[in-house]
Amino acid sequence: MGAGFRDRRMSAPLIRMHDISKAFGAVRALSHVGLSIGEGEVLGLVGDNAAGKSTLMKILAGAHQPDSGTIEVGGQAVVFHGPHDARGAGIEMIYQDYALVPALTVTQNIFLGREVLGAWPLLRVLQRRQMDERAKALFAALGLRVPSVSSPVRELSGGQQQAVAIARATGFDAKLVIMDEPTANLGAPAIAKVRDTITRLKLQGVAVILISHRLEDVFAVGDRFIVMKHGHVVAAREVGDTHADEIVQMIVTGADPRRSAAPADPKP
Ligand SMILES: Nc1ncnc2c1ncn2[C@@H]1O[C@H](COP(=O)(O)OP(=O)(O)O)[C@@H](O)[C@H]1O
Ligand SMILES: [Mg+2]
């Protein structure tokens, strides 16, 4: 391996999405969209409803496949056929509805798709107990609380369900955690927990993409904004180089006032 190749690899961003397009029937959800994120970077992805934020992140999490465009992880091209592939590359997503299974316990939700259970009933009982213990340790380490790891998730409050979704996404060595509107419908204490979680992930070198209508959350814990509208990326801004009025203006108009060129959504 030549030094130039190694240098290029080392300077590659953690994740790079390039020229991603996606349509649902006649709806063009994404048109030639790209973004990059580095290790430990916290990106606020903002924009009006139907801007394409969730679709872009579902593509990164392997839940949707793009019609065209590429994804690189650490400079290597990847193709995700499903969420399992993205998880294998260290990408976890907390969905807006948390995507938990209400009838299953807290532990079962956390280990969903990860559990390794033996064939013997007695062995399975022991393995279930071990998973309960690991789940408890996970919540303790995260500073998150749930009443009991053996309660069905449907019995938990919204904030507690959010804690389960966070534990599931962050407890297993993720490189990037995507959070889709994690503070919608939460009270102030739960919002503070989410912010703490993002800050802790950042300190550990984990990157976070935060989709949020609450710009104050991005200003509090984020590094950079990406603004989307009508399936396009309108602008990017360092958190320290902008203010809420400018971000709101770009969300509403879909144009970057610092670019003298035409609006970001020229009709073909
Ligand atoms: N599974 C789907 N089937 C059909 N249309 C979809 C689907 N998901 C999203 N869309 C459409 O794609 C566009 C972008 O949606 P979305 O990514 O959810 O935006 P945002 O998260 O920014 O609100 C919207 O017009 C939405 O109705
Ligand atoms: Mg959305």
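The values are calculated or read from the model by the stated rules, or taken from the named source; none is laboratory data. Since this is a predicted model, take the numbers as computed values, not measurements. Note that we place each Cβ from the backbone using ideal geometry, even for glycine, and neighbour counts take in every protein chain shown.
The table that follows gives values for the structure above.
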quantity	calculated
Single match in ARG124, ARG128, ARG87 (criterion: assigned to a helix (DSSP H, G or I), among the charged types (D, E, K, R), surrounded by 14 or more Cβ atoms within 10 Å (Cβ to Cβ) and free of Cβ contacts under 8 Å to residues at least 24 places away in the same chain)	ARG128
Checklist (1) within 16 Å of ligand 2 (Cβ to nearest atom); (2) touching a Gly at 6+ places or on another chain (Cβ under 6 Å); (3) in a loop (DSSP other than H, G, I, E, B) applied to GLU39, failing item	(1)
Residue match in the range 15-32 (condition: more than 10 Å from ligand 1 (Cβ to nearest atom) and closer than 16 Å to VAL206 by Cβ)	yes
The range 169-214, residues that are in contact with a strand residue (DSSP E or B) (Cβ under 8 Å, 6 or more places away or on another chain), away from ligand 2 (no atom under 16 Å from the Cβ) and not in a strand (DSSP E or B)	ALA169, THR170, PHE172, ALA174, LYS175, VAL194, ILE198, LEU201, LYS202, VAL206
ASP132 vs. criteria modelled with pLDDT under 95, in contact with a helix residue (DSSP H, G or I) (Cβ under 7 Å, 6 or more places away or on another chain) and among the acidic types (Asp, Glu)	yes
Criterion (surrounded by 16 or more Cβ atoms within 10 Å (Cβ to Cβ), in contact (Cβ under 8 Å) with a residue 40 or more places away in the chain and more than 23 Å from the chain's Cα centre (by Cα)) met by exactly one of VAL106, VAL149, VAL153	VAL149
Count of residues meeting criterion [modelled with pLDDT under 95 and either surrounded by fewer than 13 Cβ atoms within 10 Å (Cβ to Cβ) or among the acidic types (Asp, Glu) (or both)] in the range 1-32	11
Neighbours by Cβ (under 9 Å, 6+ apart or cross-chain): first from the range 59-79, outside any loop (DSSP other than H, G, I, E, B); second of a type in the set (Ser, Thr, Tyr)	SER68/SER21; GLY69/SER21; GLU72/SER36; ALA77/THR70; VAL78/THR70
Within the range 223-251, considering residues that are assigned to a helix (DSSP H, G or I) and closer than 11 Å to VAL46 by Cβ, the one farthest from ligand 2 (Cβ to nearest atom)	ALA244
Residue in the range 43-90 that is nearest to ligand 2 (Cβ to nearest atom), counting only those that are within 30 Å of HIS243 (Cα to Cα) and among the basic types (Lys, Arg)	LYS53
